[in-house]
1. Report the relative contact order of the stretch 83-150, percent, no decimals, based on alpha-carbon pairs under 8 angstrom and at least 6 residues apart.
2. Can you compute the modelled spin-label distance between GLN62 and THR115, with each label point 7 Å from Cα toward Cβ, in nm?
3. Which three numbers, in whole Å and largest first, are the semi-axes of the equivalent ellipsoid of the stretch 64-116 derived from its Cα gyration tensor as √(5λ)?
4. For q = 0.08, 0.16 Å⁻¹, what log10 I(q)/I(0) does the chain give under the Debye formula with an equal point scatterer on each alpha carbon and no solvent?
5. How much net charge surrounds ASP129 when only the other residues with a Cβ under 13 Å from the Cβ of ASP129 are counted, with Lys and Arg +1 and Asp and Glu -1?
6. Normalised by the number of residues in the chain, what is the relative contact order in percent for Cα pairs under 8 Å and 6+ residues apart?
7. Round to the nearest 0.05 the FRET efficiency obtained for THR140 and THR10 when R0 = 25 Å and r is the Cβ-Cβ distance.
8. Of the chymotrypsin sites (Phe, Trp or Tyr not before Pro) in the stretch 18-84, which ones lie in a loop per DSSP and count no more than 15 other C-beta atoms within 10 Å?
Amino acid sequence: MEREMDTMTTTKTGQHYTVANVGNFNELLKQGEMYKGKLFLKDILNLTGMEVSLNQLPPGAQVPFYHAHIENEELYIFLKGHGQFQIDGEVIDVTEGSVIRVGTGGLVTWRNNSTDEDLLYIVIQAKQDTLTQWTRSDATVPDQKVTWPE
Ligand code: ZN
């Protein structure tokens, strides 16, 4: 699917990267095509192994449906605000620093149950049970002195 670029979004692409500036997190409500306040990054950055969204949910708002994933696990990273996350009927309070992994089949919804502060969070989804190397086991560190252009 071709994404129509928002005016707030600027991108630059190099051989091994795509970089974008999508604006301030507290202005995400101005973005989002499918869901207001949710900005997906896969198409902006040409991600190939994960989908990531940046999210802003205003005070008193809730996601009006449950959903579960078929092949992907999800990671919710809460950055700001106060809310509640419901998974398989269990309710978990979330705030800055709360990180939740949801496996396939987990039925979830969430809300901002505060009265005065946005709930800001990042959601990452990637295919469950596919991670075979990570951090140092997936890195090369060339013997090269770090330099920066003047
Ligand atoms: Zn999901």
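1. Values: 41 pairs, mean separation 19.0, N = 68.
So the answer I get is 28 percent.
2. According to this spin-label approximation, the distance is 1.8 nm.
3. Details: eigenvalues 79, 31, 14 Å².
Ellipsoid semi-axes (Å, largest first): 20, 13, 8.
4. Per q value, in the given order, log10 I(q)/I(0) is -0.28, -1.00.
5. On the way: positive: ARG101, LYS127; negative: GLU71, GLU73.
Spelling it out: positives minus negatives among the neighbours equals 0.
6. Result for the chain is 23 percent.
7. The value I calculate is 0.25.
8. On the way: sites: PHE25, TYR35, PHE40, PHE65, TYR66, TYR76, PHE78; in loops: TYR35, PHE65, TYR66.
Within the stretch 18-84, the qualifying chymotrypsin sites (Phe, Trp or Tyr not before Pro) (loop, at most 15 other Cβ atoms within 10 Å) are TYR35, PHE65, TYR66.
Each value in this text was obtained by applying a stated rule to the coordinates, not by laboratory testing. As the structure is a computational prediction, the values presented were derived from the model and not from experiment. Cβ coordinates were reconstructed from backbone atoms using ideal geometry, including for glycine residues, and neighbour counts include every protein chain displayed.
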